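To keep things clear, I will list the structure first and then write my remarks on it.
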Amino acid sequence: MESSLTSGHWLRAKHVAQKIGVSESTIWRLTQKGKFPAPVKMSPGCTLWCEREIEAWLASKATPYNAAITPNVSQPASERR
């Protein structure tokens, strides 16, 4: 089994923020509240996030939103809201 430290790509806060479309301070705030994947401290000046964990987090956030905005096609268009 592959270790999570040796598999996948690693991203710095700047790139994580760009990937999900928020500021770096929001990344840190979400992480502190336990609402975002935890980073790995590689050295005093290097903190990284696993790209796979970020993608899984994004997928978990997208599902309820997509379900909420997808129209129920079994209903006539006039009854959809």
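Worth a mention:
- Total charge dipole magnitude, region 10-71, about the Cα centre, Cβ charges on Lys, Arg, Asp, Glu only, Debye to nearest 20: 160 debye
- Residue order, fewest to most surrounding Cβ atoms within 10 angstrom, among Lys19, Lys33: Lys33, Lys19
- Label-to-label distance, Ala38 versus Ser23, with points set 7 angstrom from Cα along the beta-carbon direction: 2.6 nm.
- Stretch gain in nm, segment Lys14-Cys46, where the contour uses 0.36 nm per residue and the Cα spacing is subtracted: 10.3 nm
No value in this document is a laboratory result; all are computed from the given coordinates. Keep in mind it's a predicted model, so treat the numbers as computed, not measured. No Cβ is skipped: glycine too gets one built from the backbone with ideal geometry, and neighbour counts run over all protein chains shown.
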